[in-house]
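Structure first, then comments.
Quick note: the coordinates plus some simple rules give every number you see, no bench work behind them. Quick caveat, the model's predicted, so the values are computed rather than measured. Here the Cβ positions follow ideal geometry from the backbone for every residue, glycine too, while neighbour counts run over all protein chains shown.
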Amino acid sequence: MFLNYYDHVYHVKLVIDFFKWKKVSILAHSMGAITAIFFVSMFPELVDKFISLDAVKQLSSSAEYLPARMKSILNHFQEVCQRLEQGPLSTVSYEEARDKLVKNYGGSIDEKDADILLIRGLRKIKEDSDEYEFTRDLRSTIRPYIFNDFTTEQLKAVARGIVCPFLLIKAKNTSMFEPKELYREFYDLYRDASEDFRYVEVDGKHHVHLSQPELVAPIIANFLFPTKSKL
């Protein structure tokens, strides 16, 4: 089965329903924040506040390239399925896993950051050996997710649905996949729709919240728990 944003949004809803939460505040990063953007827009009555870390919007798609993109994604998915059908994936040493993770993130994390991510990202095969396997679902490596193509106009409609207080923290040294002008359009949409939209830029890369939490934590704390004036 394919993974798509509808699956992720649905699972967020399942968790909230399971715990019988009336309202939640959502803090999410990157792909998780994109999922949250859709959820917050779809279920505004369930969200108190929303914080997005280094994710402005889902990438816009063009109808012109849709068939080629679909073909590429389907071929990639077939390759993943064939790898899974071959049985258990090869194991790695801890050092190999860490080096691979640092390399895959293209300089956004260092070895110290990788150690944190690997706490949940690795599973030890045997207690008395240095053999590990990654715990991720290989389907999540497919970019973009199958049939998750939205035009800019569709994404603007999603943006207009985010009415709760919204904090967007953007890393200054992160990759830009779309024109700054398009991002500015969405900042304006968020500002018009949200009762309290805040945009803050911080020094750092895509995983700045992991590598330099001291830059991000005070901003988040002030948003969630604003200091009341004593006057």
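Here the relative contact order of the chain, from alpha carbon pairs under 8 Å that lie six or more residues apart, stands at 24 percent. Taking every C-alpha pair closer than 8 Å and separated by at least 6 residues, the mean separation divided by the residue count of the stretch 64-141 gives a relative contact order of 29 percent.
How high is the FRET efficiency between Asp17 and Arg136 when r is their beta carbon distance and R₀ equals 25 Å, given to the nearest 0.05?
Values: r = 26 Å, r/R0 = 1.03.
According to the calculation, E is roughly 0.45.
Pairs Lys57/Lys100; Lys22/Lys57; Lys180/Lys205; Lys13/Lys156: which exceed 20 Å Cα-Cα?
Check vs 20 Å cut-off fails for Lys57/Lys100; Lys22/Lys57; Lys13/Lys156.
Between 0 and 90 degrees, the angle of helix 111-121 with respect to the longest Cα principal axis of the chain falls at about 80 degrees.
Net charge near Val208, counting Lys/Arg +1 and Asp/Glu -1 over other residues with Cβ under 15 Å of its Cβ? It works out to a net charge of -2. Would you mind checking the tilt of helix 5-19 against the longest principal axis of the Cα atoms of the chain, expressed as 0 to 90 degrees and rounded to 10? Taking the Cα atoms of the chain, the angle to 5-19 is about 70 degrees. As I understand it, the value is the acute angle between the Cα axis of helix 31-42 and the longest principal axis of the Cα atoms of the chain; what does it come to in degrees, rounded to 10? Approximately 40 degrees, to the nearest ten.
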